[in-house]
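Each remark here refers to the structure printed beneath this line.
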């Protein structure tokens, strides 16, 4: 297949590009950056080039869009605007580019977020759960998915991604650092859910969605067994043979991170029902399997 990836230089995009190249696919990497350090791809384009020369994407089979401003920053008014507009801008650019292609891609897989379900300590959410717009991130995802629907492709997948665990980026290195330093413990109540997925399964499930034409619409990109924050910490402590003893109070997280602390203090129990019903097999279904693999145990 000939596949275009936006956000190719990011954590997921970099791993995905390398994986698809190893599988023999053609990968066209699209980024704001002029240079693509250590990125494996067949061709490299900036957004400026693609917008001026959309024919460069003629004949592609799929677009995988992972671009967007990082949410891991203090959510000032300006930062919120950047986070939202970066996503809407990419969707708008893709819609304009695809409209100009004589041969449209068969499928678009666009990153989205599980925040659209709202937060709960008692409910479980799958792809049939309704949107619950209660906070900033949920509103971003709602507007993002509405913009994605305007891209003229036959099949659109909105990949609602959980916490991706990998050693080369994302939140995981920061999450385990307190345990490596011997000061790990639950955050806040510890009852908030973490819906996570191993980076290797994240890449495999994207490939699975590419290859299964019956999959469309929202898809939860999470492992089948979410854990609470306390369960996550206890598992990390057990695998790394470190203590799990020093709780971080909620008020401290709110002072340190402001509104961003919602990501650490609240959560969703998200189930990848659509993937499971289509027969996708997770290599790392439990948090212990994932952490043992990432820690080389």
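Please specify each residue of segment 272-294 satisfying the condition of being touching a residue at least 12 places away in the same chain (Cβ under 8 Å) and closer than 18 Å to residue 206 by Cβ. Scanning segment 272-294 gives 272, 273, 274, 275, 276, 278, 280, 282, 283, 284, 285, 290.
Among the residues of segment 247-268, is any touching a helix residue (DSSP H, G or I) at 6+ places or on another chain (Cβ under 7 Å), surrounded by fewer than 17 Cβ atoms within 10 Å (Cβ to Cβ), touching a residue at least 40 places away in the same chain (Cβ under 8 Å) and part of a helix (DSSP H, G or I)? Taking every residue of segment 247-268 in turn, at least one turns out to be touching a helix residue (DSSP H, G or I) at 6+ places or on another chain (Cβ under 7 Å), surrounded by fewer than 17 Cβ atoms within 10 Å (Cβ to Cβ), touching a residue at least 40 places away in the same chain (Cβ under 8 Å) and part of a helix (DSSP H, G or I).
Kindly evaluate residue 129 against the criterion of being modelled with pLDDT of 95 or more, within 30 Å of residue 190 (Cβ to Cβ), outside any helix (DSSP H, G or I) and touching a helix residue (DSSP H, G or I) at 6+ places or on another chain (Cβ under 7 Å). Against the criterion (modelled with pLDDT of 95 or more, within 30 Å of residue 190 (Cβ to Cβ), outside any helix (DSSP H, G or I) and touching a helix residue (DSSP H, G or I) at 6+ places or on another chain (Cβ under 7 Å)), residue 129 qualifies.
The residue that is modelled with the lowest pLDDT, among those in segment 236-268 that are closer than 22 Å to residue 199 by Cα and out of contact with any strand residue (DSSP E or B) (no Cβ under 7 Å at 6 or more places or on another chain), is 263.
Regarding residue 137, is this residue more than 28 Å from residue 79 (Cβ to Cβ), in contact with a strand residue (DSSP E or B) (Cβ under 7 Å, 6 or more places away or on another chain), in contact (Cβ under 8 Å) with a residue 12 or more places away in the chain and in a helix (DSSP H, G or I)? Even if it seems obvious, please write down each step before you answer.
Numbers: more than 28 Å from residue 79 (Cβ to Cβ): no; in contact with a strand residue (DSSP E or B) (Cβ under 7 Å, 6 or more places away or on another chain): yes; in contact (Cβ under 8 Å) with a residue 12 or more places away in the chain: yes; in a helix (DSSP H, G or I): yes.
No; evaluated as a whole, the condition is false for this residue.
Checked against the criterion of being surrounded by 15 or more Cβ atoms within 10 Å (Cβ to Cβ), touching a residue at least 60 places away in the same chain (Cβ under 8 Å) and assigned to a loop (DSSP other than H, G, I, E, B), segment 236-243 has at least one qualifying residue. Looking at residue 241 and the list (1) under 22 Å from residue 182 (Cα atoms); (2) touching a helix residue (DSSP H, G or I) at 6+ places or on another chain (Cβ under 7 Å), which single condition is not satisfied? Failed condition: (2). The numbered conditions (1) touching a helix residue (DSSP H, G or I) at 6+ places or on another chain (Cβ under 7 Å); (2) farther than 20 Å from residue 8 by Cα; (3) modelled with pLDDT of 95 or more are all true for residue 75 except (3). Taking strands (runs of 3 or more DSSP E) as the structural unit, those lying wholly within segment 144-225 and holding at least 2 residues that are over 15 Å from the mean Cα position of the chain (by Cα) and either touching a residue at least 24 places away in the same chain (Cβ under 8 Å) or buried (at least 18 other Cβ atoms within 10 Å of the Cβ) (or both) correspond to 155-161.
The values are calculated or read from the model by the stated rules, or taken from the named source; none is laboratory data. Keep in mind the model is a prediction, meaning the values are calculated, not measured. Quick reminder, even Gly has a Cβ in these numbers, built from the backbone with ideal geometry, and neighbours come from all protein chains shown.
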